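**Q** Sharing a structure below in structure tokens format, with a few things to ask.
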Amino acid sequence: MSLRKQAASLAIMHAADVLQPLLILPYAGRVLGPLQFGQYAYALSVGWLAATIVEYGFHWTAQRAAASARHEPAVIASLFAEVAATKAILCFVVTLAGVAAPDGLLAVSKPMFLCAMLTSVGGILFPTWLFIALERAWQAAVAVVVGRSLALVCFLTMVTSSAQIELAVAIQSSIPLVAGLVSLPFIVPIGFSGFRAVTPSTVGMQLRNGWRGFLFTLVERLFVTLPVPLVEHFAGYVAAGHYSIAEKFVSATRPFFRAMCETLLPRVAYCAHHDPEAGLVLIRRSLLTLVVGAALSLFLFFLAPYVILLLFGESFSGAIPIVRVMSVIPILINANTCTSNLYMFNYGHERAWASLNVSGLLIFLAVAYLLSLQLLNAAIAVAIALIARECFVLVVSAGFFLVFGTARVRIPATQGDGKARASDVAAGSMLASPTSAVPPWRGQLRSER
């Protein structure tokens, strides 16, 4: 599939991910009310946090491995089976821990927690990472559109009062499960033959290989899910509901950056292994999208407040100053996608990439806590803390790209077939692609064959 078709498929998929929650938001806000809507947002945040642990960062590490081995069906089947088995074990552990947690640790009931865990179960069946790595994103788009459309209809017809909050959580959390069932005809011929070779040692190997991707994914998901519980802790459910409304508008801009990253990441990962200079050229061209990031930031600042009043009414006007403070986030995410996710992850800085995002989480927590003591509006404090984190990541990742990426480009090109050149390795081995070495599971599989 060409990059253009891949990008179009991902755009459709992420558009569905954005439009369905946005269409539900006004209805949910009016039917559930500010208090129950805050509880609904809190439960979904807990569910997504649990799903992050179950996903274990395979969207990064397994996707990169599959992209490099896209022409080896046996390797792809084994990789899919190992990842699915690992997710199933993690899902069981997380569910058991949530059910066994003492009352009061989670501000949701046990039945509501189980409803939220449907997201994790669906993540086992629906391997978005595999479709993207093989540049078959249209198959994932079909499944997502069906799942989102069915959830929209069920939510609007079945949730009619604030007493049905558990049903509302279950409907939204079941979207990945429905998408997984729809995608089974696509997945069975790709990967189900690999389950015959799954062993406890291969599961352990996946856990070891994917921990940096998990660390990054966990940190990224915390920045999406943790602010709502933090605001609830500092200022109560009503403030959490206001923050959730503002955050949804910011989240509405994220699919563009996800689509951009997921379109380019498999190609950059492949180039980092076979033609590093071509990958760097692709990353530099991706910086042209900063124009789009700036336009989205301006939209959030000037137009989003009027949309909030139109859709939600005066009772949710507290979300307006929050969304204006957060309006700078899209352009920061845009830049970080290019310099951190595309460059650092694929060009030999994976350890620094993971450490950078953990450091950003610590900065976020510290700034959120300190500002919550100084500002009357705790939601504003959390929003500023998010901006501080994005700025920190941008400064460091841009420094890596300018120092190391530019140095690689200045190395004189040699005549050859366009693959990684010996002069590149001699000039800076630290820039070598992390995928340049054959992964252990690939070497083991080849020896068995």
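The values are calculated or read from the model by the stated rules, or taken from the named source; none is laboratory data. Here the structure is a predicted model, which is why all the values come from computation and not from measurement. Here Cβ is always computed from backbone atoms with ideal geometry, including for glycine, and neighbour counts include all displayed protein chains. In case anyone asks, the SASA skips ligands and DNA or RNA and just uses the protein heavy atoms, side chains included. Shrake-Rupley method; radii C 1.70, N 1.55, O 1.52, S 1.80 Å.
**Q** Give the residues of segment 1-57 that are acidic (Asp, Glu) and either outside any helix (DSSP H, G or I) or surrounded by 22 or more Cβ atoms within 10 Å (Cβ to Cβ) (or both), sorted by residue number. So that I can check it myself, show each step before the final result.
**A** Of the residues in segment 1-57, the ones acidic (Asp, Glu) are 17, 55.
Scanning segment 1-57 gives a single hit, Glu55.
**Q** Sticking with this one: Across segment 58-73, which residue is farthest from Ser193 (Cα to Cα) among those that are assigned to a helix (DSSP H, G or I) and open to solvent by 40 Å² or more (accessible area, probe 1.4 Å)?
**A** His59
**Q** Same structure, new question: Kindly provide the set of residues from segment 181-204 that are under 30 Å from Val358 (Cβ atoms) and touching a helix residue (DSSP H, G or I) at 6+ places or on another chain (Cβ under 6 Å), ordered by number. Steps first, answer last, please.
**A** Kept after step one, since they are under 30 Å from Val358 (Cβ atoms), are these residues of segment 181-204: 200-204.
Thr202, Val203 - these are the residues of segment 181-204 that are under 30 Å from Val358 (Cβ atoms) and touching a helix residue (DSSP H, G or I) at 6+ places or on another chain (Cβ under 6 Å).
**Q** Would you mind stating whether Thr119 is within 25 Å of Asn341 (Cβ to Cβ), surrounded by 23 or more Cβ atoms within 10 Å (Cβ to Cβ), polar (S, T, N, Q) and at pLDDT below 90?
**A** Considered against the rule, which asks whether it is within 25 Å of Asn341 (Cβ to Cβ), surrounded by 23 or more Cβ atoms within 10 Å (Cβ to Cβ), polar (S, T, N, Q) and at pLDDT below 90, Thr119 comes out as no.
**Q** Among the residues of segment 376-385, is there at least one that is under 15 Å from Val219 (Cα atoms), at pLDDT 95 or above and surrounded by 12 or more Cβ atoms within 10 Å (Cβ to Cβ)?
**A** For segment 376-385, residues under 15 Å from Val219 (Cα atoms), at pLDDT 95 or above and surrounded by 12 or more Cβ atoms within 10 Å (Cβ to Cβ): present.
**Q** Can you list residue pairs whose Cβ atoms sit under 8 Å apart, with the first residue in segment 146-167 being without any contact (Cβ under 8 Å) to a residue 60 or more places away in the chain and the second being in a helix (DSSP H, G or I) and open to solvent by 80 Å² or more (accessible area, probe 1.4 Å)? Count only pairs 6 or more apart in sequence or on different chains.
**A** Cβ pairs passing all conditions: Gln164/Met158; Leu167/Met158.
**Q** Looking at (1) open to solvent by 50 Å² or more (accessible area, probe 1.4 Å); (2) out of contact with any His (no Cβ under 7 Å at 6 or more places or on another chain), which one does Gly279 not meet, given that it meets all the others?
**A** (1)
**Q** Can Ile76 be described as of a type in the set (A, V, I, L, M), open to solvent by 50 Å² or more (accessible area, probe 1.4 Å) and closer than 30 Å to Glu135 by Cβ? Show your work before the answer.
**A** Details: of a type in the set (A, V, I, L, M): yes; open to solvent by 50 Å² or more (accessible area, probe 1.4 Å): no; closer than 30 Å to Glu135 by Cβ: yes.
Criteria not met by Ile76.
**Q** Within segment 168-265, considering only helices (runs of 4 or more DSSP H) that don't extend past its boundaries, which have at least 3 residues that are over 23 Å from Leu361 (Cβ atoms)?
**A** Counting at least 3 such residues, we get 175-191, 200-209, 237-251.
**Q** Quick one: in segment 323-371, which of the residues that are open to solvent by 40 Å² or more (accessible area, probe 1.4 Å) and of a type in the set (Gly, Ala, Ser) is farthest from Arg284 (Cα to Cα)?
**A** Step by step, filter segment 323-371, then rank; the result is Ala366.
**Q** Separate question: Residue check: is Val99 closer than 30 Å to Leu167 by Cβ and either open to solvent by 50 Å² or more (accessible area, probe 1.4 Å) or not in a helix (DSSP H, G or I) (or both)?
**A** yes
**Q** Then there is this: Suppose we filter segment 282-295 for residues that are open to solvent by less than 50 Å² (accessible area, probe 1.4 Å) and over 16 Å from Leu3 (Cα atoms); how many remain? Write out each step before concluding.
**A** At the first step, the residues of segment 282-295 found to be open to solvent by less than 50 Å² (accessible area, probe 1.4 Å) are 282-283, 286, 289, 293-294.
Then keep just the ones that are over 16 Å from Leu3 (Cα atoms); that gives 293-294.
Total meeting the criteria: 2.
**Q** Here is a further query. Here is a check on your reading of the model: is Leu150 assigned to a helix (DSSP H, G or I), modelled with pLDDT of 90 or more, closer than 22 Å to Leu19 by Cα and touching a helix residue (DSSP H, G or I) at 6+ places or on another chain (Cβ under 9 Å)?
**A** Numbers: assigned to a helix (DSSP H, G or I): yes; modelled with pLDDT of 90 or more: yes; closer than 22 Å to Leu19 by Cα: yes; touching a helix residue (DSSP H, G or I) at 6+ places or on another chain (Cβ under 9 Å): yes.
In short, yes.
**Q** Only residues in segment 221-248 that are without any contact (Cβ under 8 Å) to a residue 60 or more places away in the chain and within 19 Å of Val358 (Cα to Cα) count as the first member; pair them with residues that are open to solvent by less than 50 Å² (accessible area, probe 1.4 Å) and not in a helix (DSSP H, G or I), Cβ under 6 angstrom, at least 6 apart or cross-chain, and list the lot.
**A** Taking only residues 6 or more apart or on different chains, not a single pair turns up.
**Q** Going by the structure shown, is Thr86 hydroxyl-bearing (Ser, Thr, Tyr), in a helix (DSSP H, G or I) and open to solvent by 10 Å² or more (accessible area, probe 1.4 Å)?
**A** Spelling it out, it is not the case that Thr86 is hydroxyl-bearing (Ser, Thr, Tyr), in a helix (DSSP H, G or I) and open to solvent by 10 Å² or more (accessible area, probe 1.4 Å).
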